[in-house]
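Asks: Just passing along the structure, written as C-alpha cells.
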Amino acid sequence: LVPEFEVWMESLAPDFLVELSPSQLSDPLFHDLYLIGRRGELLQTWAGEIIPNQKPDIEAGLWEIHPLLSGDRQEIIQSLRDSETVVTDEEVSLGGFFLTCYSPVVFNSACRGLVGVRANILFAERLQSLRQGLMLAVAVGSFLILGLALMFYRVLQQLDRVQSRMAHSERLAHLGQMVSIVAHEIRNPLGIIEQTSDLIRKRYSPKEGDPLLGYISEEVERLNRLVNRFLEFARPSDQTGTNQGEKTCDLGQGIREIHSAFLPQAEKKGIRLVYDIPEELPKVAGLDREQLKQILLNLVLNAFDATPEGKSVTLVGSSEGRWVCLRVIDEGTGMSQEQVQKATDPFFTTKEKGSGLGLALVAKMVQEAGGKLDFESKIGSGTEVAVSFKY
C-alpha cells in the first residue's frame, strides 16, 4: 500500500520542502537540505530544485550518487544499507567548518530514502544549546510541579487535621452539654441525701456517730467531687473580660507549689516526689494561675496512682525555643499504645474508681491555651507527659 518514494515525491508540489522547513533553517549557518532516493540518487534540495533525471557522475551497481554528493558516497550508502543516521567528517567550505547528517526514511520496516542536512558546526552547537535549554526548562518545570504537588499534599494533610479537630471539638461540645444537664440533675438529690443523713445522725446518734451514717456522708462527698469534675469539663472557657492571649502564669512557681502541697501525700504513699526547674523560667502565655494549678493537679494525681511504693515522680520545667515545657515523669506501670491514643478521651480510664475526665480536662485547657500535649509511655517503663505552652 506504500508507494515508492520517488513516485510519492513526483506527486508533491515542487516547493513543498520550503513549506515544511522549520524556522531554524533560515539561520545563515544552515546550508542545505537533501532528499535522497533508495539508490542514493538526489531527488530534491532545500531550494526546491527537482533533479531526478540528471545523470549521476558515479554509478556502481544499484547506487546512483549525484555529483553534488559524491564526496559523501560512503556515508550515503552506509545509511541506506544499515537504516541508521550517519554524520560525515568536518570539511572546510565557505569560510567555515561544515558537517552533513544523513537519516533514513523508513516505510514498512524498509529504508526508502534519506534526508540529508548540511550545516555549519556552529549551527549544530546552536541546536545543542537549544536542546540543553529545553532540557533545563523541562527539569525546572518538573521540580516546580513536584514542589506544587508537595505543597498541595501538605495543605490536604493540614485540612484533614483541622477537620478532625473540628469534629472532635463538636463531639466534645455535645458531650459537655449532656454532662452538664446530668450533673445538675444529680446535684439536687445528693443535697437531699446529705441533709437527710445529717438529720438522722442528730436524731438517733447525737453523741456517738454511727459508722453507717459516716459511709453515707463519705459517698455523698465523693459523688459531689465527681459532679464538680463533670461540670468543670462541660464548662466553656471563660474569655469574657480578659483576652486569652493576655493571660500569663509562672510555671516554675506552680511546680514548687504543687510539690509542697503533694509532698506529705507522697511520703505517705512511699513515693519520691522531686522537681527540676531552672532559676528563671519564662512565664506561660494564654493560661492563668488556677488553670495551671488544675493541669498540674490532674497530672500529678495520675502519676501517683500509676507509681508503686519506692518509685519516684519527677516534675521537670524547661524552655525550648519559644516554648515553655512541663514534664511529669513517673516510674509506674506504663501504658500500651492503644491506651496512649485514648488517654484524653472523656470517660476513658484504667482506674477502678476513676471518672476518665482528668486527662480530658487537661487536654481541653491545654488546647484552649494554644499549647501541646504529648505522651510517651511503654508497658513496664513508666509514662512521661509533656505539656508545652508559648511565652
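The values are calculated or read from the model by the stated rules, or taken from the named source; none is laboratory data. Bear in mind the structure is a predicted one, so any value in this text is a computation, not a measurement. Note: ideal-geometry Cβ built from the backbone for every residue, glycine included; neighbour counts use all protein chains shown. Heavy atoms of the whole protein, side chains included, go into the accessibility calculation; ligands, DNA and RNA do not. Shrake-Rupley method; radii C 1.70, N 1.55, O 1.52, S 1.80 Å.
Asks: What residues have an amide H closer than 5 Å to that of G332, excluding those fewer than 5 places away on the same chain, when H is modeled at 1.01 Å from N in the peptide plane?
Replies: Long-range HN contacts for G332: G382, T383.
Asks: Roughly how many Å² is the accessible area per residue of the range 322-391, as a whole number, for a 1.4 Å probe?
Replies: Value for the range 322-391: 51 Å² per residue.
Asks: Pairs K247/K372; K293/K364; K269/K364; K269/K293; K283/K311; K283/K372: which are spaced more than 19 Å apart, C-alpha to C-alpha?
Replies: K269/K364; K269/K293; K283/K311
Asks: Using packing as a proxy for protection, rank 298-308, 276-286 so that the peptide with the highest average count of other Cβ atoms within 10 Å comes first.
Replies: Ranking the peptides 298-308, 276-286 by packing returns 298-308, 276-286.
Asks: Out of the total accessible area of the range 241-386 (probe 1.4 Å, heavy atoms of protein only), what percent is carbon and sulfur?
Replies: In the range 241-386, the share of accessible area belonging to carbon and sulfur is 46 percent.
Asks: Listed highest first by mean packing, meaning other Cβ atoms within 10 Å per residue, what order do 328-339, 259-270, 132-143 come in?
Replies: 328-339, 259-270, 132-143
Asks: Of H66, H31, which has the most accessible area with a 1.4 Å probe, and how do the rest follow in descending order?
Replies: Order by accessible area, largest first: H31, H66.
Asks: Now, a different point. Heavy atoms only, 1.4 Å probe, whole protein assembly: order T88, T350, T196 by accessible area, highest first. The partial results should precede the final answer.
Replies: Working: T88 10, T350 100, T196 65 Å².
Largest accessible area first, the list is T350, T196, T88.
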